[in-house]
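Report on the following structure.
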Amino acid sequence: MVGPMHKRSASIKDVALHSGTSIATVSNVLNNRGNVSEELKSRVLKSAEELRYSANPIARSMRNRKTNTVSVVVSDINCIFFAPVLKGIQKVLSAADYNIMFYDSNYDPELEHKYITAIRNSWADGLILAGLTNSQNREYYRKIVSSGPDFFPAVSMESDLTAYGLDSVLIDGRRAAATATSHLLELDCKRIAHIKAPVITGAANERFLGYQDALAAAGLQVDPGLVQAGDFSAISGYNVIHEMLRTGVKFDGVFAANDQMAVGAVRALQDAGISIPGNVKVVGFDNTFIASIVQPALTTISVPGYKMGVTAARQLLDRIENRATEPVSIHLDYELIIRRSTMSSARTNWDMVYW
């Protein structure tokens, strides 16, 4: 172990000593190279953060000269929403001759912070945050961009962080969730279950608020028994609805905060012999490819993931070149796609573009 740093900043050697690893291992972790175990990677990143390790003057010089490398931190690489998003990012950055380094935080705020710290101190030219994990401590993200000669270009997707200095690309998630819920209300649903996004994400609060807004506009109050948190996976959606049915909770509509949880809800209802949309109507969110091929096809909010990725990448490239301007918030349009999970007469066409 090394003692606290006084007159000099921590070096890569200090990080190696602190984490009990080699300099080569630290270098591989900080530059996302080599086959390093998750446990060792976590230890190195924790040491770098504790020692406030920052890249040496050569690294800063390299960054100022540009290295044509951009890092992308994704909250969950397994989430099917991100496939077209990453495709859009890759298209723009590859065309601009940039290399891309991907990191998966797996909804772990500490891991997300460690990755960002390492990226911030590396030779990367900029950062895209694809799906914010830590919605509670947003002040942290102000430290990413910093200011003056230490300014670091960064773009947030799905969460508006312009107040914290980051350019942001998103849809109005609250309004979109209200649109989804209102669709169920317009079809005469009176008791609408809501499967929330993971509480740790910014999407959870926005989509729940939209659900509340629609109920309030219809003169209805939120029944806490109808609101349960999922984790964005299909099995969590299945478990929420299965448990509601098991305990006798009455509902005639389901609004899930993403398509995967909505598909899980559909399966739970089908296993219980409940007609969709005859007895219960289901709406998802994102319009991922699975929405058009599940039976019945899923009514959902269409989020332009590919366009979101393209827009974020273009904005980051612009920010790398124009650092002095104020951060901007770019809102994209969303659309309610009506399919047979809410209306048996709706037309259904398979989406074969992104899979």
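Just so it is clear, none of the values below were taken in a lab; they were calculated from the coordinates. Keep in mind it's a predicted model, so treat the numbers as computed, not measured. In this analysis, Cβ positions are derived from the backbone assuming ideal geometry, glycine residues included, and neighbour counts consider all displayed protein chains.
A few points about this structure:
- For the residue pairs K196/K250; K66/K307; K41/K114, the C-alpha atoms sit more than 20 angstrom apart in K66/K307.
- Computed per residue of the chain from DSSP H runs no shorter than four, each worth -39500 (n - 2.57), the mean residue ellipticity at 222 nm is -13000 deg cm²/dmol.
- Seen against the Cα atoms of the chain and their longest principal axis, helix 82-95 is set at about 40 degrees.
- Ranked for footprinting exposure by Cβ neighbours inside 10 Å, fewest first, R175, R323, R347, R207 give R347, R323, R175, R207.
- Taking T299, T69 and counting other C-beta atoms within 10 Å, the order from fewest to most: T69, T299
- Acute angle (nearest 10 degrees) that the helix 259-271 long axis makes with the longest principal axis of the chain, alpha-carbon atoms: 40 degrees
- Among V283, V310, a tally of other beta-carbon atoms within 10 Å of each Cβ gives an order, fewest to most, of V310, V283.
- Scaled to the globular estimate 2.2 N^0.38 Å, the Cα spread of the stretch 211-355, given as radius of gyration, is 1.24.
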